[in-house]
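This report concerns only the one structure given below.
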Amino acid sequence: MRNSMFKVAPLAIAAAVALAACGKKEEAPAPKAEPAKAAEAPAEVIKIGHVGPLTGGIAHLGKDNENGARLAVDEINAAGGLKVGDKTYKLELVAEDDKADPKEGTLAAQKIVDSGAVAIVGHLNSGTTIPASKIYADANVTQISPSATNPKYTEQGFKTAFRVVANDNQQGAVLANYAADQLKAKTIAIIDDRTAYGQGLADVVEKVAKEKGIKVVAREFTNDKATDFNAILTKIRGAKPDVVMYGGMDATAGPMAKQMKQLGIKSMFLAGDGVCSPEFIKLAGDAAGILHCSMAGEAVEKMPKGADFVAKYKAKFNQDVQIYSPYAYDAVYVIADAIKRGGKADRAAITAAMPATNYEGVTGTISFDEKGDIKGGAISMFKIVDGKMEYVSTVR
């Protein structure tokens, strides 16, 4: 019995091995791995800078400008990018905070230049725009300010300096004429914040007011960080001016209007674009109704594409337009247009293409004179009625 088992065992083992081998052959072959798809090459990137005050008392205005620029960049990218010849580029917005301070403005400008940005939208304030413009000019970086209005900016002879709003020679004259013709002012007191913007605008108003026969009964000054204006306003109260004109920004104008009311000053309050914002109404409270103000551009509600812009802006940022975001938005598209026309995404080509700009934007037709100022710039006038800005007129 034991012998027969030994004889059978090798046969059983051989059969088992054979069956196992057959089983292996019948298994489905493992699927072949598909070759990996080549990764799509990322689009080349063009950097565009934006500088404005993102902290401090007028950060809401700086952020408004940045939002306008960002909206344009995101739109261009969502549409497939910027096509130049046989290349497609993505845009990247490089944002810096200048804190509305001239020294910080030059530091921010150098950061933008060092980042490799080919052009810059900014700055917000004339006081930062002017010193920064030398840094951009030295690096051949096109600079388009959406809001700086001091004439000196484009009077320096830099081929890189452009602006898409009217300047203070025009704005100051419109304010003085409005005081004489609409407010029927015979006397005016003038205050400024000693910034390039505030003082520059106030100087023009004073000059044109005198030419119009308005008597300047006081000329006072403060600074752009002040909150207490009682000493200045008490002095002015004694002169009983028909109009108090302020050259400065909404962060200081709001408290000033409140203090005018508290002191029983009955004058109308006149100011430029730095004050002509929804933020002023919040800060001034029930004193806001004394304000008449100008904007160095067309009112957004009067722009042919303004309603569409306001809707897009609100949908993206869940906030209302302050003042100049439509102009920052157009500035990005003007840069994109110059890149396409120049055929290269480099600084020299953009600077060379800029003087021939003829772009139809949200804010209107954009083209520049020999200095870099916009042609046919508009000044819009507003007054505050029932806590809201009410459009009055446009002067070109």
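Kindly provide the set of residues from the range 326-379 that are open to solvent by less than 10 Å² (accessible area, probe 1.4 Å) and on the phi > 0 side of the Ramachandran plot, ordered by number.
Residue satisfying the conditions is G372 alone.
Please count how many residues of the range 208-225 are surrounded by 15 or more Cβ atoms within 10 Å (Cβ to Cβ) and either small (G, A, S) or assigned to a helix (DSSP H, G or I) (or both).
Qualifying residue count for the region: 3.
For the range 284-300, indicate whether the set of residues that are in a helix (DSSP H, G or I), open to solvent by 10 Å² or more (accessible area, probe 1.4 Å), among the β-branched types (V, I, T) and at pLDDT below 95 is non-empty.
Looking for residues that are in a helix (DSSP H, G or I), open to solvent by 10 Å² or more (accessible area, probe 1.4 Å), among the β-branched types (V, I, T) and at pLDDT below 95, one finds at least one in the range 284-300, hence yes.
Give the number of residues within the range 305-325 that are open to solvent by 50 Å² or more (accessible area, probe 1.4 Å) and in a helix (DSSP H, G or I).
8
List the residue pairs whose Cβ atoms are under 9 Å apart, where the first residue sits in the range 234-262 and is without any contact (Cβ under 8 Å) to a residue 40 or more places away in the chain, the second is of a type in the set (S, T, N, Q) and surrounded by fewer than 24 Cβ atoms within 10 Å (Cβ to Cβ), and the two are 6 or more positions apart or on different chains.
Sorted first by the residue in the range 234-262, then by its partner, the pairs are R237/S267; P255/T227; Q259/N230; M260/S267; Q262/N230.
What pairs come up if the first residue lies in the range 136-149 and is touching a residue at least 40 places away in the same chain (Cβ under 8 Å) and hydrophobic (A, V, I, L, M, F, W, C), the second is open to solvent by less than 10 Å² (accessible area, probe 1.4 Å) and assigned to a helix (DSSP H, G or I), and their beta carbons are under 7 Å apart, counting only those six or more places apart or on different chains?
Pairs found: I144/A331; I144/V334; I144/I335; A148/S126; A148/T129.
The values are calculated or read from the model by the stated rules, or taken from the named source; none is laboratory data. The shown structure was predicted, so the numbers you read here are calculated from the model rather than taken from an experiment. A quick note on method: Cβ atoms are made from the backbone with ideal geometry, for glycine too, and the neighbour counts reach across all protein chains shown. Heavy atoms of the whole protein, side chains included, go into the accessibility calculation; ligands, DNA and RNA do not. Shrake-Rupley method; radii C 1.70, N 1.55, O 1.52, S 1.80 Å.
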